[in-house]
1. From the helices alone, meaning DSSP H stretches of at least four residues, give me the mean residue ellipticity at 222 nm for the chain, per-run term -39500 (n - 2.57), in deg cm²/dmol to the nearest 500.
2. Here are a few candidate values for Kirkwood radius over Cα pairs in Å: (1) 17.8; (2) 19.6; (3) 33.0. Which one was actually calculated from the structure I just gave you?
3. When ranked by the protection proxy of mean other Cβ atoms within 10 Å per residue, highest first, what sequence do the peptides 80-91, 53-64 form?
4. What are the ³J(HN,Hα) values, in whole Hz, obtained from phi via the Karplus relation 6.51 cos²θ - 1.76 cosθ + 1.60 with θ = phi - 60°, for each residue of the range 43-50 in sequence order, with x given for Gly and Pro?
5. Under 11 Å from the Cβ of residue 104, count the other residues' Cβ atoms, weight Lys and Arg +1, Asp and Glu -1, and hand me the total.
6. Using Cα-Cα distances under 8 Å and only pairs 6 or more residues apart, what relative contact order does the chain have, in percent?
7. If the cut-off is 18 Å between C-alpha atoms, which aspartates and glutamates fall inside it for residue 56, apart from same-chain ones fewer than 8 positions away?
8. To the nearest 0.05, how large is the calculated FRET efficiency for residue 91 and residue 50 if R₀ is 22 Å and r is the Cβ-Cβ distance?
Amino acid sequence: MMKFKMLSLSMLLTAPTFLLASDFVEGTVMGVVKHSPTQSNPPVFINTYTGAGTVKHPEGQWSQVDVSDIVPADTTAIYLSGNLLITHGTQPQTCNLTIAYRNAGETHNYGYIGQTIEAALGSGQRSAHSTWVPITNGKFEIKWEANTAHLGTWPNHCSYGINLSLVSYLR
C-alpha cells in the first residue's frame, strides 16, 4: 500500500533552496595576508556608539563595500573575518545584531548569515564571524540590522559593532 503526503502551499513557500554548481564562483589562485589579518581601516567597521561607519552603512539598508584598492582586479571572492559586537545597556531588552551579504549589483534581499544576541543587563557579546563573499569589480554589499531602538545610546541602551577584516581573496 502506498501512502502519499499532501503538500500544502505553506510547505512549498518554505521549501529549502537547492544550490546548483552555477551558484558558485570559482577561482584558481588564493591570496592570504602575510601578517595579522587586520587592516588599519578594515573594509567593514561599524560602531553605533561613536557613529563610525553608520552613515556609509546605514542600519537596515544594503550598502556597498569597495575593496578594489586591496585585492587584484580579477578577484571573484573575498574572505572576511572579525567580530559582531553588542554592549548591553541598563534598560531591560534583548539586543540582536544580524548581517547579510550579496554581490555588487544583486537585488535579492538575502536573509542574515551572521548573528549575535545579548540579553543580560550591562553585559556584552563578542561573537567571531567569518564568511566568503562574492565580489564584482572589487565590490560587494552588506546589510546589518539591530532589533532595538535608540542605537548607540549606551550606557542606557544597547550599542552595536561590526569589525571585519579582509583575510583572503580568490581569483
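1. Numbers: 1 runs with 5 residues, N = 171.
So the calculated ellipticity at 222 nm is -500 deg cm²/dmol.
2. (1)
3. On the way: 80-91: 20.4, 53-64: 14.2.
Top of the packing list down: 80-91, 53-64.
4. Per residue, the Karplus-derived 3J(HN,Hα) values read x, 10, 9, 9, 9, 6, 5, 8 Hz.
5. Working: positive: 102, 139; negative: 66, 106, 141.
In short, -1.
6. Numbers: 377 pairs, mean separation 61.4, N = 171.
Here the relative contact order equals 36 percent.
7. 66, 69, 141, 145
8. Working: r = 20 Å, r/R0 = 0.89.
Efficiency, from the Cβ-Cβ distance: 0.65.
Just so you know, all these numbers are worked out from the coordinates, no wet-lab data involved. Bear in mind that the values here come from a model prediction, so they are computed numbers and not experimental data. Counting neighbours? That spans all protein chains shown, and the Cβs are built from the backbone with ideal geometry, glycine included.
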